[in-house]
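Below is one structure, written out as structure tokens; comments come after it.
The values are calculated or read from the model by the stated rules, or taken from the named source; none is laboratory data. Quantities reported herein were computed from a predicted structural model and do not represent experimental measurements. With ideal geometry, Cβ positions are generated from the backbone for all residues, glycine too; neighbour counts draw on all protein chains shown.
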Amino acid sequence: MRADGSRRRPRALVPAAALLLGALTACSPGTAIPPAATAAATTPAPTETTSPTAEPTPDATTPPERPVAMDSATADGAAAAATYFTSLTNYAFTTSDFEEWDTLVADDCITCNALRADDTSDEDGAGLLEVTAASGIEIDPGRWYSATLDVSQDNAGGGGTDEFRFLYALSYDDGWTIEALDVTEREP
């Protein structure tokens, strides 16, 4: 519900992806993510793992199932958390139910907050975001992680598919938090 008392309307995801592209950020201000050089100097080389992607939610009006892999502070857990968050984005923007989505987002995630505040279009023919590949990297084991997702989306008007790369910065403290999100277009 908005401050003026009106109800949030479901939104299509192409404007959301466009907003993500316009609000790119690799790290939110005030977030204490260690620089790569610091992480490499104080920890063993980052571990990268590739996780199979979850099946997309066939009906975006049903919340996605939370993957069991999210229970662990590992590279696989980071990839699972980012994949879940992306599926949850489909659900949240279709139903206007942001309760679970909001619990995963850090207060200072600039891209996440810009996406959440966007209210551009209700219907533009955009398809759902579909994760086609996911991998996670341990930066500071047990605490800081990165996840890279390849994401596709049928574009408005049915004229093909848009391809994106989502780069997540995540932290783990008795659960996953999306600290930052960077989105770029990629060639199919």
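In region 101-185, counting only strands (runs of 3 or more DSSP E) that sit wholly within it, the ones holding 3 or more residues that are touching a helix residue (DSSP H, G or I) at 6+ places or on another chain (Cβ under 6 Å) and at pLDDT 90 or above span 130-140, 144-154, 176-185.
Looking only at residues in region 140-175 that are surrounded by 19 or more Cβ atoms within 10 Å (Cβ to Cβ) and aliphatic (A, V, I, L, M), the one that is nearest to residue 73 (Cα to Cα) is 170.
Selection of first residues in region 82-101 that are more than 15 Å from residue 128 (Cβ to Cβ) and of second residues that are modelled with pLDDT of 90 or more and of a type in the set (Lys, Arg), restricted to Cβ pairs under 9 Å at least 6 apart or on distinct chains, gives the following pairs, ordered by first then second residue: 100/66.
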